[in-house]
Amino acid sequence: MKVIRSADNPLVRRLLGLRDSSRERREEGRTVIEGAHLLEALLDNTGQHPEVVVASESSIDEQEVLALRARLDPKSVVSLDDGVFAKISPVAGRNGILAIIPVVSTPLEEVIDAGGFQLWLDGVQDPGNVGSLIRTAAAAAARAVVLGPGCADPWSPKCLRGGMGGQFATRIAVSDDLQAGLRAVQGRVLVAGSRSTASVFATDLTGDVTVVLGSEADGVQPAVVAVASATIGIPMPGNVESLNVGAAGAVICFERLRQVMASG
């Protein structure tokens, strides 16, 4: 197999552009996933095959990479010199592998019609938090995660690393107008906020329910709160002001799951 050794190679420049630029990801409709776990999650959950798979020279014949290569079109697999690979991905050395994949966002109308449990995000800017929330929602069997204005790009490499395959295990949609979308969604809309006195543990979360989380700094914008059925909060008897939004999302998602399991 030919090994690319120049950082000026067009494929290398393309990989760097997709890694670093949300504009390039939008224009191409592509993104970069890093690591064997994400590639395996893509194949297992979607059946979708990457456009290009790139492995570092030292990892191309490692057992885990060979197992993945056996599931792929050999013509889609390329090897990079380790030094060039390290310029693109922190997952260098053993099992260093990445891929260019299409971005598959679900139309908002399909999400609105899906019902069930959904997590909507308002202005959550940190890509690590967005990735973690997607991972948590997917693990709790949420039917969708919707990202409103001001949210981090769910298909950025950092969000994808934080999601650990969650982007391939639940619907991901983007909304420019959360208020309009939430007015149309099925069931109840609950906004999570640190000032709410209604405990999430005393709130019925079964059935069709959408939970909205906002940024830690600003919370959910008032116009979105205005269309909600109610607000909910997480009791915190300890001497802290608030939870990280990722932790708050995990509490709510798995309280919903607990209630559904308890109801039979």
TODO: Please go through the range 20-43 and pick out each residue that is surrounded by fewer than 19 Cβ atoms within 10 Å (Cβ to Cβ) and part of a helix (DSSP H, G or I).
DONE: 20, 22, 23, 24, 26, 27, 28, 37, 40, 43
- [ ] Select, from 135, 161, 183, 188, the only residue that is within 23 Å of residue 33 (Cβ to Cβ) and modelled with pLDDT of 95 or more.
- [x] 135
TODO: Test residue 8 against the stated conditions and say whether it is part of a loop (DSSP other than H, G, I, E, B) and modelled with pLDDT of 95 or more.
DONE: yes
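The values are calculated or read from the model by the stated rules, or taken from the named source; none is laboratory data. It should be emphasised that the depicted structure is a prediction, and the values quoted were computed from it without experimental measurement. Heads up, the Cβs are rebuilt from the backbone with ideal geometry, glycines too, and the neighbour counts pull from every protein chain shown.
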